[in-house]
Amino acid sequence: MIPFFILLLGICQSHAASLIHNSTGSLDELGVCHCSVVLPDSTFPVDRFEKLEISNHNLSITVEEQVTKIQHYESILIIYTERLVNLTKRVEVMEMGGQSYTELDFELVKLEIREMEALILQLKSSMNGTNVLVETLYQEIRNISIMVNQLEVYDKNNVLVIRREVAALKEKLENCEKNQTKPLPVPSLPPLDNGTCQHGSIKGISKPYIVQLNYYGTGYLYGGWGKDSLAGADQNIHWVSPLYIDGRKLLYLRTYNTYDDFEVYKHNLDRGIPNGYYGQGSGMIMFNNSMYFNCYDANNLCKYNPQLNKVELRGTLPNAAYNNQFSYSSSAYQDIDMAADEEGLWAIYSTEENIGNIVISRIDPISLVVQQTWTTGQFKPAASNAFMVCGVLYVTRAIDNKAEEIFYMYDTKTGKKGSLSIIFEKPKERLQSLSYNPNDHKLYMYNDGFLVNYALTFEPPQGDTSQM
């Protein structure tokens, strides 16, 4: 006969096993059955879910930071890509030998290359894996760095050595002259024709020379730059005025006292146009140490004195259209385009009475009074820009994304118009401003944020056949 407690133990175990598989059973000394059961956890794991939620939130923040960092790098990469294009252009000019370069020029180029190399290395270290764009750009920067170093060695072995020898000879000559009891007679030289009109109409225009990107970067597509356009003015000072990012407001003016400072963005003087006296459009011009521009939201001319940081004068340009009514085809809000040449200060604009065709007025720079006005038959919105040379209006239009054409002229002395076709290259698609300087016979272009200049050549004066 089976003992009762053994039977009970078997029943306890079998019953427990039939209900719950995860169980154990035992009998104590009194024969009482004890069963321990581990029940499955049927409650919701709140603590683990909270940890998961926190981890997910932290991961989202990390991803957003990385995305923001990548977007920042992309924007910087775009800027440096533009600068690489600018450097490539300048190195191409160096290779062709079309212009002599100083040690400062090479130092500027090498500084820009070092900055780009540092950025590329930073981008490479922050990215997991290989990025084809970054690797390609890095290789291009390395190639252009090698090219510049080779060019610098060539230039130092030739041009710079010659310059130093010439400088030494000049110093010896000066010392020799100082030791003479009587000064040597200085031969008289014929006067330069810069600042005069001893020539005919425009015959040709050079290749574009890209000086640099404006100091605000590629986002500031509109603006103007140049030197003082008064004949005989100090040509060391360079000015730059990028318009506010909407392409309308003229808020700031930056000047440099030397070309070397201008090239390396150093020792600049920044001025903010006083509130309420802003300008608009890319038609500004520097003339006799003052800047002239279209006053904001009016058909008025403003004369701004950078030394005093003050708009000294404001005058009405009668019947002039404004606020983008008859602007150029590639530059908004340039209804009133200020210009200067050998004969003074000009305003190029349109009126409703002349159905949007170009009107030219000579402006008194002291009083802003209109001295004389001429009307033309050239529709202003069909032109990309215009400028004055020796009292003659020259008008440009876009041929395609890489070329412009000087196609129309109007002589204020004779009242005669003419057609011509002088095609010139442009680095970027749109031409925002184009101004002539009589001191060096150059055009100064603001081209989608880049500062570019061109040298003009002219026909000989009428009746002079010696240069034909």
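Can you list residue pairs whose Cβ atoms sit under 6 Å apart, with the first residue in region 358-373 being assigned to a strand (DSSP E or B) and the second being surrounded by 15 or more Cβ atoms within 10 Å (Cβ to Cβ) and charged (D, E, K, R)? Count only pairs 6 or more apart in sequence or on different chains. Once the first residue is assigned to a strand (DSSP E or B) and sits in region 358-373, its partners that are surrounded by 15 or more Cβ atoms within 10 Å (Cβ to Cβ) and charged (D, E, K, R) give Ile358/Lys380; Gln371/Arg362; Gln372/Arg362. Total residues in region 316-370 satisfying the condition of being closer than 18 Å to Met388 by Cα, among the charged types (D, E, K, R) and surrounded by fewer than 24 Cβ atoms within 10 Å (Cβ to Cβ): the figure is 5. Screening Thr373 with (1) modelled with pLDDT under 95; (2) open to solvent by 10 Å² or more (accessible area, probe 1.4 Å) gives one miss only, at (1). Looking across region 382-416 at every residue that is loosely packed, with under 14 Cβ neighbours inside 10 Å and out of contact with any Lys or Arg (no Cβ under 9 Å at 6 or more places or on another chain), the one that is nearest to Ala340 (Cα to Cα) is identified as Lys413. Condition test on Val240, is it of a type outside the set (S, T, N, Q) and in contact with a Lys or Arg (Cβ under 6 Å, 6 or more places away or on another chain)? Considered against the rule, which asks whether it is of a type outside the set (S, T, N, Q) and in contact with a Lys or Arg (Cβ under 6 Å, 6 or more places away or on another chain), Val240 comes out as yes.
Can you find a residue that is among the aromatic types (Phe, Trp, Tyr), modelled with pLDDT under 95, open to solvent by 50 Å² or more (accessible area, probe 1.4 Å) and farther than 21 Å from Ile366 by Cα anywhere in region 259-277? First the steps, then the outcome.
First, pick out the residues of region 259-277 that are among the aromatic types (Phe, Trp, Tyr): 259, 262, 265, 277.
Among the residues that remain, those that are also modelled with pLDDT under 95 are: 259, 262, 265, 277.
Narrowing further to those that are open to solvent by 50 Å² or more (accessible area, probe 1.4 Å): 259, 265, 277.
After this cut, where a residue has to be farther than 21 Å from Ile366 by Cα as well, the list is 259, 265.
There is at least one residue in region 259-277 that is among the aromatic types (Phe, Trp, Tyr), modelled with pLDDT under 95, open to solvent by 50 Å² or more (accessible area, probe 1.4 Å) and farther than 21 Å from Ile366 by Cα.
Evaluation of Glu312 against the conditions (1) open to solvent by 10 Å² or more (accessible area, probe 1.4 Å); (2) within 22 Å of Ser384 (Cα to Cα); (3) of a type outside the set (Lys, Arg); (4) not in a loop (DSSP other than H, G, I, E, B) shows that the sole unmet condition is (2).
The values are calculated or read from the model by the stated rules, or taken from the named source; none is laboratory data. Bear in mind the structure is a predicted one, so any value in this text is a computation, not a measurement. Glycine gets a Cβ as well: all are built from the backbone with ideal geometry, and neighbour counts include every protein chain shown. Side chains are part of the model used for accessible areas, which takes the heavy atoms of the whole protein and leaves out ligands, DNA and RNA. Shrake-Rupley method; radii C 1.70, N 1.55, O 1.52, S 1.80 Å.
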